[in-house]
Amino acid sequence: MTEPAARRSLETAVAPESLDAVFDLLAQWWPEVGEVPAVTRLGFETAVIEIAGNIVEHSRGDAAARRFTLELFADAEVLAATFRDDGDPPLLDLDAVRMADEDEVSGRGLALASATVDDVALRRDGDRNVWTLESKRR
């Protein structure tokens, strides 16, 4: 018998405190997901936190009104996270993302996210940025 899909979601303000809500959501979700190899789980969680952190730190637009949602999904094949935020479109090219040099203070978040999951994508849907992360359950 196939286990049902595990789903959790959250909507929150784009603020540093929202990172705690993302950690809490992941903690609630993992027991529903079931067995996942430790390296896959750690990589997926790292990517989710890094993208959430980038939304909080770099999201452009009216700071007082910005919000984001996070939807987590898992089935027998895949772990997935979808972020939607109402900030201005990011000024970046995911294909050009690289790990920052040792002497650089920042610039590792997107590179870490890309290195720890199978797919990272960003698109614009109307007035929202949509980030998707996927990892195969191995």
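Bear in mind these aren't lab numbers, they're just calculated from the coordinates by the rules spelled out. All of these numbers come straight from a predicted model, not from anything done at the bench. Using ideal geometry, Cβ is built from the backbone for each residue, glycine included, and neighbour counts are taken over all protein chains shown.
Which of Ser18, Pro31, Phe44 sits farthest toward the positive end of the charge dipole of the range 13-52, with +1 on the Cβ of Lys and Arg and -1 on the Cβ of Asp and Glu? Of Ser18, Pro31, Phe44, it is Phe44. At 10 °C and a viscosity of 1.306 mPa s, what translational diffusion coefficient does Stokes-Einstein give for the range 20-91, taking Rh as the Kirkwood radius over Cα pairs? Give it in µm²/s as a whole number. After rounding, the answer is 119 µm²/s.
The modelled label-to-label distance for the pair Arg123/Glu35, using points 7 Å beyond Cα in the direction of Cβ, is 3.5 nm.
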